[in-house]
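Q: Just passing along the structure, written as structure tokens.
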Amino acid sequence: MTTWSLEQTGPDELRPAAVPGPGAGVRVELARVPLPEFSRFLYCAVGGDWQWTDRLGWDRRQWEAYLARGVETWVAYRHGTPAGYVELDPQDDGVVEIAYFGLLPAFIGQGIGGHLLSVGLARAWDMAERQPRRPATRRVWVHTCSLDGPAALTNYRKRGMRVFETVIEEK
């Protein structure tokens, strides 16, 4: 398995994808009520095909504690149906991790992923505007691996993220 860690160190590095046209019925919204059940739904629905397992054992208290740290969940909807999400985890010293990002299987290949990632990156860069006690973002990072969707690494790179570390593990 290969794991790539990617980053941006300035908002000017973001290269946004095309916005789906009005007929596509796509919108991206912040889930303003941090709801463990909704976060678990998104995690399972998106990650089920990609071996996301680290949070499957979390109980409600663990989800609540995680979300209470100021985590933001930005959800893409297509004609009112959740299509995917990007989860922004605020870390110390103005760092934001894209903790999770992806689409539900029915929405892959419809031009939603690039747009959703573009919105997620832009919102990582302006997170301090929504969280006044937070310092300005100085770095956004993510890791992806060869078990994730085949377009993941390409999408991150197309949005202006650059690889800063590659780790290859033998199984």
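The values are calculated or read from the model by the stated rules, or taken from the named source; none is laboratory data. Everything numeric here is computed off the predicted structure, so don't read it as measured data. In this analysis, Cβ positions are derived from the backbone assuming ideal geometry, glycine residues included, and neighbour counts consider all displayed protein chains. To get the accessible areas, we keep the full protein, side chains included, count just its heavy atoms, and leave off ligands, DNA and RNA. Shrake-Rupley method; radii C 1.70, N 1.55, O 1.52, S 1.80 Å.
Q: State yes or no: is GLY70 in a helix (DSSP H, G or I) and in contact (Cβ under 8 Å) with a residue 60 or more places away in the chain?
A: No; evaluated as a whole, the condition is false for this residue.
Q: Continuing with this model, one more query. Would you mind telling me which numbered condition in (1) surrounded by fewer than 20 Cβ atoms within 10 Å (Cβ to Cβ); (2) aromatic (Phe, Trp, Tyr); (3) assigned to a helix (DSSP H, G or I) TYR156 fails?
A: Here TYR156 meets the rest and fails (1).
Q: Any residue at all in the range 88-103 that's part of a helix (DSSP H, G or I), farther than 20 Å from LEU6 by Cβ and modelled with pLDDT of 95 or more?
A: Among the residues of the range 88-103, not one is part of a helix (DSSP H, G or I), farther than 20 Å from LEU6 by Cβ and modelled with pLDDT of 95 or more, which makes the answer no.
Q: Name the pairs: first residue in the range 41-67 and in contact (Cβ under 8 Å) with a residue 12 or more places away in the chain, second residue basic (Lys, Arg), Cβ to Cβ under 7 Å, at least 6 apart or on different chains?
A: Matching pairs, first to second residue: TYR43/ARG55; TRP63/ARG40.
Q: Limited to the range 143-171, what total is found for residues that are at pLDDT 90 or above and either of a type in the set (Phe, Trp, Tyr) or in contact with a strand residue (DSSP E or B) (Cβ under 9 Å, 6 or more places away or on another chain) (or both)?
A: Total satisfying the criteria: 18.
Q: Working only within the range 117-142, note down all residues that are under 11 Å from ILE98 (Cβ atoms) and either modelled with pLDDT under 95 or crowded, with 21+ Cβ neighbours inside 10 Å (or both). Give the steps one after another, and end with the answer.
A: Narrowing the range 117-142 to residues under 11 Å from ILE98 (Cβ atoms): 117, 120-121, 123-124, 140-142.
Within the range 117-142, LEU117, GLY120, LEU121, ALA124, VAL140, VAL142 meet the criteria.
Q: Same structure, new question: For GLY84, indicate whether it is modelled with pLDDT of 95 or more, in a helix (DSSP H, G or I) and within 27 Å of MET1 (Cα to Cα).
A: No.
Q: Hey, another quick one. Would you check if TRP74 is among the aromatic types (Phe, Trp, Tyr), within 17 Å of the chain's Cα centre (by Cα) and open to solvent by 30 Å² or more (accessible area, probe 1.4 Å)?
A: no
Q: Could you list, in sequence order, all residues of the range 45-67 that are assigned to a helix (DSSP H, G or I), at pLDDT 95 or above, open to solvent by 20 Å² or more (accessible area, probe 1.4 Å) and not basic (Lys, Arg)?
A: ALA45, GLN62, GLU64, ALA65, listed by residue number.
Q: Suppose the filter is within 23 Å of GLY114 (Cβ to Cβ), more than 18 Å from the chain's Cα centre (by Cα) and either small (Gly, Ala, Ser) or open to solvent by 30 Å² or more (accessible area, probe 1.4 Å) (or both); does PRO22 pass it?
A: yes
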